[in-house]
Structures are given as structure tokens and as C-alpha cells.
Amino acid sequence: MGLPVVATNDSHFLQKEDHEAHDVLLCIGLGKDHSDPDRMHYDEGLYFKSAPEIAERFPDRPDVLENTLDIADQVDVVFEKKYFLPAFPLPETHTDETEYLVHLAREGAVARYGDPLPAEAQARLDFELDVITHTGYSGYFLITWDFIDWARRHRIPVGPGRGSAAGSLVAYALGITNIDPLEFDLLFERFLNPERISMPDVDIDFCYERRSEVIEYVKQKYGQEAVGQIITFGTMKSRAVIRDVGRTLGFEPSETDRIAKMIPNAPGQAFTVEEAVKKLKDVKALYKEGGRYAQLFDYSMTLEGLSRHSSVHAAGVVIAPGPLDDYVPVCIQSGKNGSNGSNGSTEAMYVTQYDMNCLEDAGMLKMDFLGLKTLTVIKDAVDAVVEREGALRHPVSGVTFESVDDIPLDDEDVYKMLARGGNSGVFQFESSLAMDKLRAMRCDRFDDLVATNALIRPGPLDSGMTDVYIRRKTGAEAVRYPHPSLETVLAPTYGVIVYQEQVMRIANVLAGFSLGEADVLRKAVSKKDSKLIEEQIGKFVEKAVALGVEQRIASDLGEQIETFGRYGFNKSHSAAYSLISYHTAWLRCHYPAAFMAALLSSVLSNTDDVVKYIGECRDLPRSLPRLDEPIEVLPPDVNESGWKFTALNDHQIRFGLGAVRGVGEGAVRSILEARESGGPFTSMFEFLERVDLRALNKRATEALIAAGSM
């Protein structure tokens with residue numbers, strides 16, 4: 001492990017007084033004890049020196065200092081913000097990126113909304129295309145559309161949207177996203193603000209198992225040398241730095257572990273080492289003992305936050321106009337193509353030496369190709385239903401659907417199940433907290449899922465927003481609106497400001513802000529920039545009063561925007577992810593065996609989760625009254641099991657061989673190939689004769705016997 005001596009963080013540039021701490025850092029990197037006399041030592045003179053110190057080092061050479069300053073004065077470097085997007089390969093029928101984007105977007109909008117387009121859709125489409133083309137991002141949208149279109153055509157599941165991109169009607173028309181921004185009042189300006197232009201950021205979820213195929217397609221399209229994955233740096237957090245420094249200073253592992261655990265590291269409650277020394281009684285007492293403990297904490301405080309190691313970002317991909325190393329420094333690593341645990345091929349891959357933030361500053365096109373297991377679960381469940389039933393259909397009404405995207409969002413049985421606490425396996429809503437909130441609000445509509453997605457987070461929970469929503473939804477508290485004209489904006493959330501888009505709408509309706517200006521206000525509040533908040537809230541109050549709103553009401557609303565806006569959630573993301581949640585809930589409700597088999601298959605490498613979901617199969621009748629008996633998970637069987645779990649009928653699931661501990665993928669493949677070519681196995685000896693024993697060793701065979709699969 002190589003450790004950087006100088007971090008990129010300004011606060012960690014080497015200073016003379018940090019010499020000892022950085023000598024410890026060198027020991028951590030080399031895995032040496034600080035007391036080892038034969039180890040490499042850190043040079044005491046290696047730090048950034050002041051001007052007087054430099055002059056002292058060169059007493060007889062003033063010309064050296066003068067020449068240095070002379071060279072510095074002659075340097076005239078101008079940095080400009082420039083984006084490096086690859087040219088999109090256009091079909092022969094089109095010669096211009098903008099014209100081709102407009103053609104595809106209008107064609108897609110007609111497919112979504114009909115011909116002629118409704119006035120609202122036409123106006124929104126024209127506005128978005130105007131912004132996109134004037135900002136020069138036509139190529140970006142075409143590149144994104146192309147690989148998503150390729151994925152869909154190759155039956156690779158793609159998520160309905162992620163982040164603010166779901167607010168774009170152009171993205172919806174192109175099939176980049178799959179949730180109607182007009183129906184859910186999602187705002188384009190939250191995604192691409194014409195008032196503050198910045199590179200669009202479209203993150204895409206793909207099927208976890210086939211994500212690597214999409215990355216490989218992009219490499220083939222733009223060139224292997226033009227596409228790379230992105231480096232990420234792991235930093236030394238409070239507990240980790242205590243353990244690393246303690247190990248170097250000769251502390252026993254058990255002792256550093258005990259000290260490290262004194263420092264809380266839970267999300268939202270984490271302490272730095274310095275905060276722990278100042279605020280935590282036990283840590284403060286230990287520090288005051290002095291000696292080796294003071295030394296441990298002093299070194300840890302200096303080193304905390306430095307980069308500890310590098311790795312490859314789980315999702316980040318960068319696409320350059322040409323060879324990647326013409327634009328940014330790269331390194332070549334060998335590893336699985338696609339990372340993220342996907343079943344890609346092992347090959348060399350380009351990895352940038354700039355992280356995500358530096359790449360953005362350098363103007364490179366970066367995207368997140370995320371692997372989402374839930375999309376794989378939905379696909380496996382739907383495939384099982386279609387294979388057995390011939391089509392995906394509602395089991396009660398008999399209505400058939402081409403895909404889960406065609407399922408209506410008003411199925412009462414689904415919401416009854418969720419209101420009873422039937423959440424196991426439902427995307428985003430499996431936790432006991434989510435279950436309690438959906439039950440308390442008597443969830444009965446899609447908007448409840450969208451709101452709950454936003455409200456089960458620390459800010460809304462701590463501020464009481466979540467409970468206010470529930471009380472108003474159930475009629476325990478009257479619904480109130482801060483101003484009559486805001487009823488249309490806040491009616492879906494019973495007068496509670498839940499989403500960032502609502503903050504923008506309030507500024508637009510009451511103060512006449514353009515939605516671009518309103519996004520500046522939204523960003524100031526959500527980023528907690530006190531100076532910008534004061535400026536923007538003042539502007540809001542002033543403009544609202546000028547439009548006839550009472551001073552008191554305008555000021556109160558300004559305070560509410562500041563209070564609720566900081567906890568507001570991105571509705572575009574919440575709505576898109578709630579769509580995935582609904583699809584999992586629908587499958588769980590109407591095809592529980594197929595769904596639970598797919599869910600078990602998604603966790604087959606995690607024994608604890610397999611055990612948990614097998615237990616859920618037994619408990620399903622509690623939330624699904626139509627299910628007259630529990631779903632039985634049958635033991636593995638070499639004549640019937642596949643790699644994954646399989647639904648045999650409405651009440652039985654066959655255990656997957658891939659979940660048998662000690663049996664690898666090669667062994668299972670050998671069994672399946674032998675079974676496919678020669679039929680069922682009739683005896684143990686015949687099994688061993690037909691299966692490739694180079695893939696199935698003694699240990700794996702014993703594991704299969706112990707699991708009852710013979």
C-alpha cells in the first residue's frame with residue numbers, strides 16, 4: 001500500500017512542525033514500527049519552506065531567488081472552462097447533432113403523448129430543447145440516449161430515472177428516463193438551470209448482472225482507449241486513523257480497537273478525533289494522561305483526512321473525445337470489466353488518476369453506470385411469470401401488460417398490503433421505520449410512496465415534518481396552506497413543504513421568480529450557505545410584497561422556506577425510485593412466489609439474508625390474505641435446482657445451488673451441463689461419473705450432500 005505524503009487538501013500540505021506525524025504516516029504506508037531503527041525515515045527538511053528559510057539556504061546565490069521570481073513574473077497561464085465531449089456518430093440521414101436531437105425528441109414525445117402534442121407538452125419540449133441546444137449539450141443527450149437505447153433493445157433492464165434528470169421532458173421523450181415529469185410536476189430547472197449553466201449529470205441504473213455489457217458497448221462505440229473508469233480515494237477516518245497510528249506506535253490491536261470504538265462513527269453522529277478529544281469525557285481523560293496516549297491522539301489528529309488508499313469508483317465512467325491519456329493522467333489496472341461484482345471478463349482497464357471532482361473541473365464527460373440489484377429482481381420475477389403464465393397479467397382482472405412499466409399505479413391491493421406492513425423485499429421500504437410510517441399514514445396512493453421516500457430521512461424525522469404529514473393525511477390535523485395561492489403547489493403533501501421542487505414553485509408563484517432563479521434559492525437553502533440564504537430570502541420577501549403578499553406572510557414564508565427547504569428532498573429522484581418500489585410491491589402482492597424466488601436469488605451469496613427471506617416466505621399470509629398458506633422453500637436438489645432460486649408454483653420455491661455454502665459457480669455449471677446433456681441423475685455414482693470433477697471437488701460434493709441436494 002502506497003501512502004501519499006502530501007495530500008491535495010490545502011489544510012494538509014506539509015509544515016515543518018508536522019514532520020513527526022508524517023514520519024508516522026510513512027511507517028503506516030510501509031507497514032513498519034515507528035521504533036524500528038532500520039526502517040526508512042522521513043527527511044526533516046522535506047516541507048514547504050518560507051522565503052527567509054530559502055534565502056538562508058542560498059546565502060551566496062541571490063541570483064537564484066531573483067531568477068525564480070523573474071520566471072514567475074514571465075509565466076502567463078490562462079485557464080478556461082472547456083468541456084471535452086466526444087463527437088456522437090450521426091446516421092447518414094443527419095449531419096448535425098442539434099438537428100438530430102430535436103428530431104429524436106419530437107418523435108419520442110409524440111410516442112409518449114400522442115399527435116398532435118398537448119399544448120403543455122409542446123411548450124415544455126420547445127423550452128428544454130432551446131436550453132439544451134444553446135448550452136451545447138446536444139451531444140451529451142445523444143450519447144446518453146444511445147447507450148440506454150442499446151441496453152433496452154438488448155433487454156437489459158434500465159431504471160426509470162435517478163436524481164434530477166427525471167425532471168426533463170426531453171430525457172423522458174428519449175427514453176433516458178421513464179417517468180412523466182408533467183404528471184408529477186417535476187422541474188427541468190432542477191436538472192439543468194438556464195440561469196446557472198453547468199454540465200448535466202445523468203446517473204443511470206442498470207441490471208446488476210448486465211451492467212458491464214453496457215460499459216463494453218460504450219468502449220466499442222467510442223474506442224477502448226477513450227473510455228475509462230474513475231479512481232476514488234479512501235481517506236483515514238477517525239477510527240481507522242487511531243488503529244493505523246496505534247499499530248505503528250506499538251499498541252496492542254485490542255487496545256487500539258477499544259480506543260477507536262470510543263469515537264462514534266454512525267452517519268450524522270460521527271466525531272473527528274479532535275472533536276472526540278474535546279467533547280467526549282472518556283477520550284478527553286485518556287488524552288490528559290499524556291505519554292503514549294497523547295502521542296496517539298496528536299498524530300491521529302494531524303493525519304486524519306489524508307488519503308489512505310486508492311480504488312476504482314463502483315459506478316463512475318469517463319468518455320473522452322480521443323485517447324483518454326491525451327486529456328487526463330491515467331493508470332492501467334487489471335480487473336473485472338464492469339466491477340460492481342458483475343460477471344464481466346477480466347481484462348486491463350484504464351483508470352483516471354483524477355477523481356470525480358477533478359474530472360468535472362477538467363471538463364470531462366463523466367457518468368455513473370450503477371448496478372441496481374432490484375432491477376435484476378424485477379426482471380427475474382417477470383420472466384418467471386411470463387414463462388409460466390404466457391404473459392404478465394393481473395391475476396384477478398386478467399388484464400395483460402407488455403412490461404411492468406404498463407402496470408397502473410392505482411392498484412388497491414398493493415396499497416392494502418403496504419398498509420398492513422407487507423414490505424419485505426419492497427425497494428426502499430423494507431426498514432421497520434418505513435413500514436411503521438406507511439402503516440401509520442394508511443398508505444393508499446402512489447403519492448404516499450413518493451412522500452415517504454422523502455420523509456424517512458433524518459432531517460424531516462427530527463424536525464417533525466414526517467409526523468405532520470401523517471396527521472394531516474389521516475385527518476388528525478387540519479390541512480393548512482401558508483397562502484391560498486399555494487394550494488395547488490402543496491395539496492399533494494397536505495400543506496407540508498416536502499420537496500425541493502415545492503420550494504421552487506413557491507418562489508415562482510408568490511414572488512414571480514423564474515424557475516431558474518428559484519433553483520438558485522433552492523440551492524442556497526439546501527447547501528446551507530448562510531450568506532446566500534440571507535440574500536435570496538430577502539429577495540423573495542421583497543418581490544412577494546411587491547406582488548401584493550402581506551409583509552408578515554411573506555416573511556413567515558421566507559422562514560418556512562429556510563426551515564423546511566434545508567430538509568427538502570429532490571422529488572424527481574423520489575418519484576422515480578418510488579416507481580421501482582411500486583413495481584416490487586405489485587409483484588410481491590400478485591406473484592409472491594416468483595418475486596420471493598427472485599429476491600432470494602439476489603442475495604444468494606449472503607447466508608443471513610437468505611435465512612431472513614426464507615422466514616418472510618412463511619410469514620407472507622399475514623400481509624397477503626389471498627395467500628391461503630405460506631410459501632415453502634424446498635431444499636436444493638441436483639435434479640431440479642438451478643443456480644438461482646426457482647418458483648415451482650404459487651406455493652413452492654426450490655432452493656438455488658448457488659446459495660449452498662462451499663459450492664462455487666464452476667461446480668454448479670458442471671452439474672447443470674451434465675443434467676442438460678444426459679437427463680436427471682439416478683445415483684450418486686452416476687452423478688460423479690457424469691459431472692466434471694475438475695470443477696466439482698470433494699469439498700463441494702460434501703457440501704451438496706450436507707445440504708440435502710442428493
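The values are calculated or read from the model by the stated rules, or taken from the named source; none is laboratory data. These numbers come from a predicted model, not from an experiment. Methodologically, a virtual Cβ is constructed for each residue, glycine included, from the backbone with ideal geometry; neighbour enumeration extends over all protein chains shown. We work out accessible area using only protein heavy atoms, side chains counted, and drop any ligands, DNA or RNA first. Shrake-Rupley method; radii C 1.70, N 1.55, O 1.52, S 1.80 Å.
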TODO: Would you mind stating whether Ser581 is under 18 Å from Asp205 (Cβ atoms) and in contact with a helix residue (DSSP H, G or I) (Cβ under 9 Å, 6 or more places away or on another chain)?
DONE: yes
Open item on the list: Please determine whether any residue of the stretch 458-465 is of a type in the set (A, V, I, L, M, F, W, C), more than 24 Å from Arg420 (Cβ to Cβ), open to solvent by less than 60 Å² (accessible area, probe 1.4 Å) and part of a loop (DSSP other than H, G, I, E, B).
Closed with: no
Open item on the list: So, in the stretch 566-585, exactly how many residues are more than 19 Å from the chain's Cα centre (by Cα) and aliphatic (A, V, I, L, M)?
Closed with: 1
TODO: Name, by its number, the condition in (1) over 30 Å from Leu600 (Cα atoms); (2) at pLDDT below 90; (3) out of contact with any Asp or Glu (no Cβ under 8 Å at 6 or more places or on another chain) that does not hold for Arg457.
DONE: (1)
TODO: Answer yes or no as to whether Gly250 is farther than 21 Å from Leu324 by Cα, touching a strand residue (DSSP E or B) at 6+ places or on another chain (Cβ under 6 Å) and surrounded by fewer than 16 Cβ atoms within 10 Å (Cβ to Cβ).
DONE: no
TODO: Mind checking which helices (runs of 4 or more DSSP H) fall wholly inside the stretch 486-564 and carry at least 3 residues that are more than 19 Å from Ser198 (Cβ to Cβ), free of Cβ contacts under 8 Å to residues at least 60 places away in the same chain and among the small types (Gly, Ala, Ser)?
DONE: 530-546
Task: Filter pass, Ser623 being polar (S, T, N, Q), under 16 Å from Ile705 (Cα atoms) and surrounded by 14 or more Cβ atoms within 10 Å (Cβ to Cβ) - done: no
TODO: Restricting attention to helices (runs of 4 or more DSSP H) lying wholly within the stretch 344-421, give those where 3 or more residues are surrounded by 18 or more Cβ atoms within 10 Å (Cβ to Cβ) and at pLDDT 90 or above.
DONE: 373-389, 412-419
- [ ] Go through the stretch 265-302 residue by residue and tally those that are under 35 Å from the mean Cα position of the chain (by Cα), among the polar types (S, T, N, Q) and more than 14 Å from Ala240 (Cα to Cα).
- [x] 1
- [ ] Would you check if there is a residue in the stretch 671-682 being open to solvent by less than 80 Å² (accessible area, probe 1.4 Å), polar (S, T, N, Q) and either more than 29 Å from Pro592 (Cα to Cα) or modelled with pLDDT of 90 or more (or both)?
- [x] no
TODO: Considering each residue of the stretch 642-656, count those that are open to solvent by 40 Å² or more (accessible area, probe 1.4 Å), touching a strand residue (DSSP E or B) at 6+ places or on another chain (Cβ under 9 Å) and touching a residue at least 60 places away in the same chain (Cβ under 8 Å), and give that number.
DONE: 1
TODO: Could you check how many residues of the stretch 368-395 are more than 21 Å from Ile580 (Cα to Cα) and either of a type in the set (Ser, Thr, Tyr) or touching a residue at least 40 places away in the same chain (Cβ under 8 Å) (or both)?
DONE: 1
Open item on the list: If Gln122 meets every condition in (1) open to solvent by 30 Å² or more (accessible area, probe 1.4 Å); (2) at pLDDT below 95; (3) out of contact with any strand residue (DSSP E or B) (no Cβ under 8 Å at 6 or more places or on another chain); (4) not aliphatic (A, V, I, L, M) apart from one, which number is that one?
Closed with: (2)
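Could you look through the stretch 224-260, keep only residues that are small (Gly, Ala, Ser) and on the phi < 0 side of the Ramachandran plot, and pick out the one that is nearest to the chain's Cα centre (by Cα)?
Across the stretch 224-260, the extreme among qualifying residues is Gly234.
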Open item on the list: Return the residues of the stretch 261-277 that are of a type in the set (Gly, Ala, Ser) and either surrounded by 14 or more Cβ atoms within 10 Å (Cβ to Cβ) or not in a loop (DSSP other than H, G, I, E, B) (or both); say none if nothing qualifies.
Closed with: Ala270, Ala276
- [ ] State which residue is farthest from the chain's Cα centre (by Cα) when the search covers only the stretch 320-329 and only residues that are closer than 16 Å to Ile143 by Cβ and of a type in the set (A, V, I, L, M).
- [x] Leu324
Task: Output for the stretch 422-446, where each listed residue is surrounded by fewer than 18 Cβ atoms within 10 Å (Cβ to Cβ) and small (Gly, Ala, Ser) - done: Ser431, Ser432, Ala440
TODO: Report, ordered by the first and then the second residue, all pairs with beta carbons closer than 7 Å, sequence separation of six or more or different chains, a first member in the stretch 117-143 that is among the basic types (Lys, Arg), and a second member that is surrounded by fewer than 16 Cβ atoms within 10 Å (Cβ to Cβ).
DONE: Arg124/Leu182
- [ ] Mind counting the residues in the stretch 148-189 that are in a helix (DSSP H, G or I), in contact (Cβ under 8 Å) with a residue 24 or more places away in the chain and surrounded by fewer than 24 Cβ atoms within 10 Å (Cβ to Cβ)?
- [x] 6
- [ ] Report, by residue number, each residue of the stretch 278-314 that is hydrophobic (A, V, I, L, M, F, W, C) and either touching a Leu at 6+ places or on another chain (Cβ under 6 Å) or not in a strand (DSSP E or B) (or both).
- [x] Leu280, Val283, Ala285, Leu286, Ala294, Leu296, Phe297, Met301, Leu303, Leu306
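Might you let me know whether the stretch 81-92 holds any residue that is outside any loop (DSSP other than H, G, I, E, B) and either surrounded by fewer than 11 Cβ atoms within 10 Å (Cβ to Cβ) or without any contact (Cβ under 8 Å) to a residue 24 or more places away in the chain (or both)?
no
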- [ ] Look through Leu117, Leu142 and report the one residue that is in a helix (DSSP H, G or I), surrounded by 12 or more Cβ atoms within 10 Å (Cβ to Cβ) and at pLDDT 90 or above.
- [x] Leu142
- [ ] Hey, can you tell me all the residues within the stretch 202-218 that are open to solvent by 50 Å² or more (accessible area, probe 1.4 Å) and either part of a helix (DSSP H, G or I) or over 15 Å from Gly159 (Cβ atoms) (or both)?
- [x] Glu213
Open item on the list: Based on this model, can you work out whether Val317 counts as part of a strand (DSSP E or B), within 21 Å of Ile204 (Cβ to Cβ), under 17 Å from the mean Cα position of the chain (by Cα) and modelled with pLDDT of 90 or more?
Closed with: yes
Task: Scope the stretch 58-80; condition part of a helix (DSSP H, G or I) and open to solvent by 70 Å² or more (accessible area, probe 1.4 Å); matching residues - done: Pro62, Glu66, Asn67, Thr68, Leu69, Asp70, Ile71, Asp73, Gln74
- [ ] Run Ala240 past the list (1) touching a Lys or Arg at 6+ places or on another chain (Cβ under 8 Å); (2) surrounded by 18 or more Cβ atoms within 10 Å (Cβ to Cβ); (3) in a helix (DSSP H, G or I) and report the number of the one that doesn't hold.
- [x] (2)
Task: Any hit, the stretch 605-617, residues being of a type in the set (Gly, Ala, Ser) and surrounded by 18 or more Cβ atoms within 10 Å (Cβ to Cβ) - done: no
Task: Complete set of residues in the stretch 168-210 that are of a type in the set (Gly, Ala, Ser) and under 19 Å from Asp126 (Cβ atoms) - done: Ser168, Ala171, Ala173
